[in-house]
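The values are calculated or read from the model by the stated rules, or taken from the named source; none is laboratory data. Just so it is clear, the model here is predicted, and its values are computed rather than measured. Positions of Cβ are backbone-derived with ideal geometry, glycine not excepted, and every protein chain shown enters the neighbour counts.
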Amino acid sequence: MTKYEWETELKKNIHRLPPDEIDRVLAYYGELFDDHAERGKRETEIVAEFGNPIDVADKILAEYDSENPKSDDGEFFDRNAIKDSSANLAPKSQERGCSSCGETNEKEFVEPPQKSVTVQNANASGTGENGVRAERVILFALLTFFTGAIFFVAVGVVWIGLCVFSIAGLGAGLGGLFTSVVSLGLVITGKVGAGLAQLGVGVAAVGLGIFLTILMLKLIKLCARATKNMFVKIGNWLSAKKESV
Amino acid sequence: MDAQLKKGLLELCVLVSLKKEESYGYKIITDISPYVDISESTLYPILKRLEATGALTTRTKEYNGRLRKYYMITEAGKRKIKESISDLDELRRIYDYIYRDGR
């Protein structure tokens, strides 16, 4: 992902925030990006470190919403109201100065903002505790159904091909070995011409077999990694896993 | 680790990293990374929160032809560190208990 793509995706997902907040967020990440770049990191490396822009946006939105609860949420209180009431009930805390006032309020805020965040997250993106995004699973199922799972069939065909050629390679190798042994027998019993010809074929078959087997082993390793990556990416997309905390 | 506990500890770590001198985003992360897992996306709300509670102030300075935001600890922030250090003694007793008798 390029810096531009990452930033665009982030902007898209926080667009509902007030413009000055959006500017602050972009300035923050822009500054960090430049600091990383100054130390020689590549663009794609840096945004990979930042993480999935959607996850980053979710974090920003969640924090913003918990600090700025919507006014029509009856159950979630107004910060100022709490500050005033706690100041009345515990005059001692005022003696110790603002920082402890802040702390008392913070402890009271610990539970409710957490709940509001969870509710809003659940409403906004349909994530459960384990983070699986329902709408993505549905989209994925529909895509698979309508494309006749052609993509996955193609992957299956590739793997079948790999297996077939691997077996062919082994077959050629073994067959060639057998032929070579038999041809040696021919030479020994006097049928030199036929024996040598057959030996040639046998050795060639062994060579082909070895070549195919080595080729298939390499290809299988490659395809295994690619297939694993593909499934991991799909899984991540479905569950919107965070790539970095 | 419990999310709230970690959040509180991270806030403290950020404040401590600002105690001697002002700092900026990248440097804060580099300074506290050896001690605690922190990423760019985790730091942002922490800085916002600390500013909202008056524990730090910010200013923008030019650096190498670009703008950089610097964070400075306030007296309130320094007080917060002092108060939390006494909490840490209790935390260490609890930690020792769990570590010793919980294994």
Right, B:T30: closer than 23 Å to A:Y28 by Cα, under 15 Å from the mean Cα position of the chain (by Cα), surrounded by fewer than 18 Cβ atoms within 10 Å (Cβ to Cβ) and without any contact (Cβ under 8 Å) to a residue 12 or more places away in the chain or not? yes
Is it the case, given these coordinates, that B:I46 is assigned to a helix (DSSP H, G or I) and within 26 Å of A:A62 (Cβ to Cβ)? yes
Output the residues belonging to the range A:116-166 that are polar (S, T, N, Q) and modelled with pLDDT under 70. A:S116, A:T118, A:Q120, A:N121, A:N123, A:S125, A:T127, A:N130
Of the residues in the range A:23-59 that are of a type in the set (V, I, T) and within 13 Å of chain B (Cβ to nearest Cβ), the one that is farthest from the chain's Cα centre (by Cα) is A:V25
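Yes or no, residue by residue, for (1) buried (at least 17 other Cβ atoms within 10 Å of the Cβ); (2) modelled with pLDDT of 95 or more:
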| position | (1), (2) |
| --- | --- |
| A:N13 | yes, yes |
| A:I22 | no, yes |
| A:L32 | yes, yes |
| A:D35 | yes, yes |
| A:R39 | no, no |
| A:V56 | yes, yes |
| A:P69 | yes, no |
| A:A81 | no, no |
| A:N88 | no, no |
Report yes if B:R68 is facing another protein chain (nearest Cβ under 8 Å), of a type in the set (D, E, K, R) and part of a helix (DSSP H, G or I), otherwise no. no
Considering every residue within the range B:77-94, establish whether at least one is hydroxyl-bearing (S, T, Y) and surrounded by fewer than 11 Cβ atoms within 10 Å (Cβ to Cβ). yes
Tell me, please, whether a residue that is among the charged types (D, E, K, R) and facing chain A (nearest Cβ under 7 Å) can be found in the range B:15-33. no
Filter the range B:54-65 down to the residues that are surrounded by 11 or more Cβ atoms within 10 Å (Cβ to Cβ) and in a strand (DSSP E or B), then identify the one that is modelled with the lowest pLDDT. B:Y63
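For every residue, the table says whether it meets (1) away from every other protein chain (no Cβ under 14 Å); (2) touching a residue at least 60 places away in the same chain (Cβ under 8 Å); (3) of a type outside the set (A, V, I, L, M, F, W, C).
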{"position": "A:A172", "(1), (2), (3)": "yes, no, no"}
{"position": "A:F178", "(1), (2), (3)": "yes, no, no"}
{"position": "A:G193", "(1), (2), (3)": "yes, no, yes"}
{"position": "A:G209", "(1), (2), (3)": "yes, no, yes"}
{"position": "A:K221", "(1), (2), (3)": "yes, no, yes"}
{"position": "A:L238", "(1), (2), (3)": "yes, yes, no"}
(1) within 28 Å of A:R39 (Cβ to Cβ); (2) aromatic (F, W, Y); (3) free of Cβ contacts under 8 Å to residues at least 24 places away in the same chain all hold for B:Y71 apart from (3)
Filter the range A:7-22 for residues that are within 23 Å of the chain's Cα centre (by Cα), within 12 Å of chain B (Cβ to nearest Cβ) and outside any loop (DSSP other than H, G, I, E, B) and give the result. A:L10
Here is a check on your reading of the model: is A:F178 part of a helix (DSSP H, G or I), modelled with pLDDT of 80 or more and either under 30 Å from A:D58 (Cα atoms) or acidic (D, E) (or both)? no
Kindly establish whether B:L47 is among the aliphatic types (A, V, I, L, M), surrounded by 15 or more Cβ atoms within 10 Å (Cβ to Cβ), within 11 Å of the chain's Cα centre (by Cα) and more than 10 Å from chain A (Cβ to nearest Cβ). no
Of the residues in the range B:53-65, those that are facing chain A (nearest Cβ under 9 Å), among the polar types (S, T, N, Q) and within 18 Å of the chain's Cα centre (by Cα) come to B:T53
